[in-house]
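One structure, as structure tokens, below. Some questions next.
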Amino acid sequence: MFGSRFKLTLEIAKVHLLSKPKQTVIAMLGVTFGIAMFIALVGLMTGLNDFTEEITMTSSPDIHIYKDVTSPRPTILQQTSPGSLTWVHHQKPKNELTKVRNAYRIMELIRKNEMVRGVAPALSSQVFYNYGPAQLNGSILGVDILEEDKLFGLKSKMKEGRIEELLATREGIIMGQGLAKKLDVKKGNRIVITTPEGHTMTLKIVGIFQMGIGVVDNVRCYANIGTVQTILQQDPSYVTDINIKLNDRHLAKKYAAELEAKYNTKAEDWETANATFLTGVIIRNIITYAVSVTLLIVAGFGIYNILNMTIYNKMKDIAILKAMGFAGGDVRSIFMIQSLIIGLIGAMAGLVIGYILSVLISKAPFNGGDIISLDHFPVNFDPKFYIIGVVFGVITTAVAGYMPSRKASRIDPIEILRGQ
Amino acid sequence: MEVLATRNISKYFYEPEKFQVLKDITLTINRGEFLSLVGKSGCGKSTLMYVLSTMDTDYEGELEIAGQKLTGKNQDTLSAFRNEHIGFVFQFHYLLPEFTVLQNVMIPALKRNKFSPEEIEHKAMERLKTLGVEQHAHKPSNKLSGGQQQRVAIARALINDPDIIMCDEPTGNLDSYNTHLVFDIFKQLTHEYKQTIIAVTHDDEFASKTDRIVQMSDGHIVL
Ligand SMILES: Nc1ncnc2c1ncn2[C@@H]1O[C@H](COP(=O)(O)OP(=O)(O)OP(=O)(O)O)[C@@H](O)[C@H]1O
Ligand SMILES: [Mg+2]
């Protein structure tokens, strides 16, 4: 019984829509445009986000332990009589080494925790690379190359050479591709490095790697940790960083705090380390949704206007329907159905066009330049966004259609019939 | 047996100034009666018809149709009541312009949802045939002449076999042949099928042949 009554309202709504095809299509196009833009934008934005997040996350540790030189230190007075009122202005850092004390002992303990997937030591230093007349600022990272590979998948990032060659060559380095390009060096070349303290050493390039991000590829070289200790003229226990990867990256914040308290060093989790990057992700998401919602609201106003106009033109029809026995609710359904049909068809068309746009964008050539190694845009085709698009579109049209429909349902037939 | 009764119905218009258009109208109409409502232009006939048809609820007094008191009922209840019990032919025969003639006639029955669409279509075609407009059934209703539209509106008023059919000048646009046709249909409906008809008319000959004439003057019933 309901079925047939619904069929009548649907039929009337259909006739109304078809009797003004141009108006109907324009209203639909508004929704189509909004949804298509949403799909294309969100696909591109989240595609880029996921891509950069992926390479940032694989190339950075979940927790990074190091010695923070600028951390405030208590004065002797404060230590001897705690609670006393002392104040030191412009405290200068002590001239101490950026060494993590007992690094190997700490690593051993950390490795025992079952949350931890891997731990690797590193010794980093600023250096100048000299190759002929060229001199470039960069950093050298002394690592246990096999442990490093376990954490960051170095093997798959190698462009030339193999990581095992570093083990065989005590005075070898693996160089970032961007840096190698700037210095115009190849595998097998020798270069001279200079430390800030003025020590120099000649090293042989045994491989070239590419992480995919400029901040790494353009400045970094890997060497054996012993080599770097020799350059810096430090003893074999000298380690400046401990990098940790966890099985679940989301536990990093809590565990980092634990480590900090336990070993009295600085332990930074990936969220803190990549705060600017993550803020960027959030801002991009906000922009995507803001633009899409704005487009949909504009489309909603279009529907609102067109429906209002339709209702204004159909006052007489509405009065007749009511005189013949249609209740206010029936009249409201007639117009709600119209706006929902507009919304649904418009949204579906929007999905198709959005998908086509996304495919075109993903095929378009794009040069990521020095910052990211990319040759085309990464686009996200997650069906989730397509569902959100339809839901968004239908909700917008439902909201836009509701007010005019309610107005129609409240029309007093007698006013119109007598008005003639 | 009475099918419609009013008690002391009065109605005012407030625009442009307060003015009593219906004055204390008390009227009883029996089932199967064919009644004509006559009076000078502007005496309040259409206004009374809107009150009787339950569409106008802004009046004083009481209205009862088919044993149900309708004064004070809400709009949706009244809509459903009209759908089942009242057929209405407006003074300006309104059809829905985007629908075909047949659809116009079928809509009140589809809304009532008592019979299958096939049965309704069959019945609608019968009605159109009786009124001599069946050849236009599939045309858009706004492509018909005034008189043809009026007959379609009459067919639509009959589709749900209402207790009362209210017509505001149903023959206003018709030639004498079709006026007679409509008169004969109304006569048959009232006498054979015991439906009730209230017809406003300016046609004295038409009125004189009906069962009962109610004369209005200046908002009163005088006869
Ligand atoms: N909406 C309105 N507002 C104010 N006055 C109205 C309104 N509608 C009608 N009137 C007045 O009420 C009176 C009765 O009008 P009504 O339409 O009932 O006359 P009628 O008897 O049907 O006339 P006709 O035979 O010309 O159709 C008229 O004087 C008219 O001017
Ligand atoms: Mg009138």
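Quick one: count up the residues across region B:81-107 that are at the interface with chain A (Cβ under 10 Å from one of its Cβ atoms) and more than 19 Å from B:Gln195 (Cβ to Cβ).
13
Give all pairs with beta carbons closer than 7 Å in which a residue from region B:30-54 that is free of Cβ contacts under 8 Å to residues at least 12 places away in the same chain and within 15 Å of B:Lys11 (Cβ to Cβ) meets a residue that is assigned to a loop (DSSP other than H, G, I, E, B) and more than 10 Å from ligand 2 (Cβ to nearest atom); count only pairs at least 6 apart in sequence or on separate chains.
B:Tyr50/B:Asp56
Looking only at region B:120-139, decide whether some residue is surrounded by fewer than 17 Cβ atoms within 10 Å (Cβ to Cβ), farther than 20 Å from A:Phe326 by Cβ and hydrophobic (A, V, I, L, M, F, W, C).
yes
Only one residue in B:Glu64, B:Glu60, B:Glu121, B:Glu98 is touching a Pro at 6+ places or on another chain (Cβ under 9 Å) and on the phi < 0 side of the Ramachandran plot, so which one is that? Walk me through it before giving the result.
Working: B:Glu64 fails: touching a Pro at 6+ places or on another chain (Cβ under 9 Å); B:Glu60 fails: touching a Pro at 6+ places or on another chain (Cβ under 9 Å); B:Glu121 fails: touching a Pro at 6+ places or on another chain (Cβ under 9 Å).
After ruling out the rest, the residue left standing is B:Glu98.
Ok, one more. Being touching a Gly at 6+ places or on another chain (Cβ under 9 Å) and within 16 Å of ligand 2 (Cβ to nearest atom) is the filter here; which residues of region B:78-91 pass it?
B:Gln91, the sole residue that qualifies.
Same structure again: Taking the criterion of being under 30 Å from A:Asp50 (Cα atoms), more than 14 Å from chain B (Cβ to nearest Cβ) and not hydroxyl-bearing (Ser, Thr, Tyr), would at least one residue in region A:395-404 satisfy it?
First pass over region A:395-404, keeping only residues under 30 Å from A:Asp50 (Cα atoms): A:395-396.
Subsequent filtering for residues that are more than 14 Å from chain B (Cβ to nearest Cβ) retains A:395-396.
Restricting the remaining residues to those that are not hydroxyl-bearing (Ser, Thr, Tyr) gives A:395.
Checked against the condition, which is being under 30 Å from A:Asp50 (Cα atoms), more than 14 Å from chain B (Cβ to nearest Cβ) and not hydroxyl-bearing (Ser, Thr, Tyr), region A:395-404 yields at least one hit.
Then there's this: Being part of a strand (DSSP E or B) and among the polar types (S, T, N, Q) is the filter; apply it to region B:21-48 and report the residue that is farthest from ligand 2 (Cβ to nearest atom).
Going residue by residue through region B:21-48, those that are part of a strand (DSSP E or B) are B:21-30, B:34-39.
Imposing the further condition that a residue be among the polar types (S, T, N, Q) reduces the set to B:26, B:28, B:30, B:36.
On the way: B:Thr26: 21, B:Thr28: 22, B:Asn30: 24, B:Ser36: 14 Å.
Selected residue: B:Asn30.
So, of the residues in region B:72-91 that are within 19 Å of the chain's Cα centre (by Cα) and part of a loop (DSSP other than H, G, I, E, B), which turns out to be surrounded by the most Cβ atoms within 10 Å (Cβ to Cβ)?
Filtering first and then ranking leaves B:Phe90.
For region B:163-178, give me each residue that is of a type in the set (Asp, Glu), over 8 Å from the mean Cα position of the chain (by Cα) and either within 14 Å of ligand 1 (Cβ to nearest atom) or away from chain A (no Cβ under 14 Å) (or both).
First, pick out the residues of region B:163-178 that are of a type in the set (Asp, Glu): B:163, B:168-169, B:175.
Subset that is over 8 Å from the mean Cα position of the chain (by Cα): B:163, B:169, B:175.
Within region B:163-178, B:Glu169, B:Asp175 qualify.
For region A:135-142, state whether one or more residues are in a strand (DSSP E or B), over 30 Å from the mean Cα position of the chain (by Cα) and within 16 Å of A:Arg190 (Cα to Cα).
There is at least one residue in region A:135-142 that is in a strand (DSSP E or B), over 30 Å from the mean Cα position of the chain (by Cα) and within 16 Å of A:Arg190 (Cα to Cα).
For region B:92-109, how many residues meet the condition of being surrounded by 22 or more Cβ atoms within 10 Å (Cβ to Cβ) and either over 12 Å from B:Val152 (Cα atoms) or of a type in the set (D, E, K, R) (or both)?
Adding up the residues that qualify gives 3.
With (1) small (Gly, Ala, Ser); (2) in contact with an Asp or Glu (Cβ under 7 Å, 6 or more places away or on another chain); (3) within 20 Å of A:Leu167 (Cβ to Cβ) as the list, and A:Ala256 as the residue in question, which single condition is left unmet?
The number of the failed condition is (3).
Taking the residues in region B:49-71 that are within 12 Å of chain A (Cβ to nearest Cβ) and within 16 Å of ligand 2 (Cβ to nearest atom) as candidates, determine which candidate is farthest from the chain's Cα centre (by Cα).
The initial filter retains those residues of region B:49-71 that are within 12 Å of chain A (Cβ to nearest Cβ), namely B:49-51, B:53-59.
Okay, now just the ones that are also within 16 Å of ligand 2 (Cβ to nearest atom), so B:49-51, B:53, B:55-56.
Values: B:Met49: 8, B:Tyr50: 9, B:Val51: 12, B:Ser53: 8, B:Met55: 12, B:Asp56: 14 Å.
The selected residue is B:Asp56.
For region B:1-12, what are the residues that are more than 10 Å from ligand 1 (Cβ to nearest atom) and either among the hydroxyl-bearing types (Ser, Thr, Tyr) or surrounded by fewer than 20 Cβ atoms within 10 Å (Cβ to Cβ) (or both)? First the steps, then the outcome.
Here is the first cut: in region B:1-12, the residues more than 10 Å from ligand 1 (Cβ to nearest atom) are B:1-10.
Across region B:1-12, the qualifying residues are B:Met1, B:Glu2, B:Ala5, B:Thr6, B:Arg7, B:Asn8, B:Ser10.
If you go through region A:18-33 one residue at a time, do you hit one that is touching a residue at least 40 places away in the same chain (Cβ under 8 Å) and of a type in the set (Lys, Arg)? Before the answer, list the steps.
Going through region A:18-33, the residues touching a residue at least 40 places away in the same chain (Cβ under 8 Å) turn out to be A:20, A:23-24, A:26-33.
When the remaining residues are screened for being of a type in the set (Lys, Arg), the result is A:20.
Yes, region A:18-33 contains a residue that is touching a residue at least 40 places away in the same chain (Cβ under 8 Å) and of a type in the set (Lys, Arg).
Just one of B:Leu128, B:Leu110, B:Leu181 is part of a helix (DSSP H, G or I), within 14 Å of chain A (Cβ to nearest Cβ) and in contact with a Leu (Cβ under 8 Å, 6 or more places away or on another chain); which is it? Steps first, please.
On the way: B:Leu128 fails: within 14 Å of chain A (Cβ to nearest Cβ); B:Leu181 fails: within 14 Å of chain A (Cβ to nearest Cβ).
Exactly one of B:Leu128, B:Leu110, B:Leu181 is part of a helix (DSSP H, G or I), within 14 Å of chain A (Cβ to nearest Cβ) and in contact with a Leu (Cβ under 8 Å, 6 or more places away or on another chain), namely B:Leu110.
Considering only region A:35-60, how many residues are in contact with a helix residue (DSSP H, G or I) (Cβ under 7 Å, 6 or more places away or on another chain) and modelled with pLDDT of 85 or more?
Total meeting the criteria: 11.
Within region B:13-43, take every residue that is within 14 Å of chain A (Cβ to nearest Cβ) and farther than 20 Å from B:Val222 by Cβ and give me the one that is nearest to ligand 1 (Cβ to nearest atom).
Keep residues of region B:13-43 that are within 14 Å of chain A (Cβ to nearest Cβ), which gives B:13-15, B:21-22, B:42.
Checking the rest, the ones that are also farther than 20 Å from B:Val222 by Cβ come to B:13-15.
Working: B:Phe13: 4, B:Tyr14: 8, B:Glu15: 5 Å.
Only one residue tops the list, namely B:Phe13.
The values are calculated or read from the model by the stated rules, or taken from the named source; none is laboratory data. The model shown is predicted, which means the values in this text are computed figures rather than measured ones. FYI the Cβ positions are ideal-geometry reconstructions off the backbone, even for glycines, and counts take in every protein chain you see.
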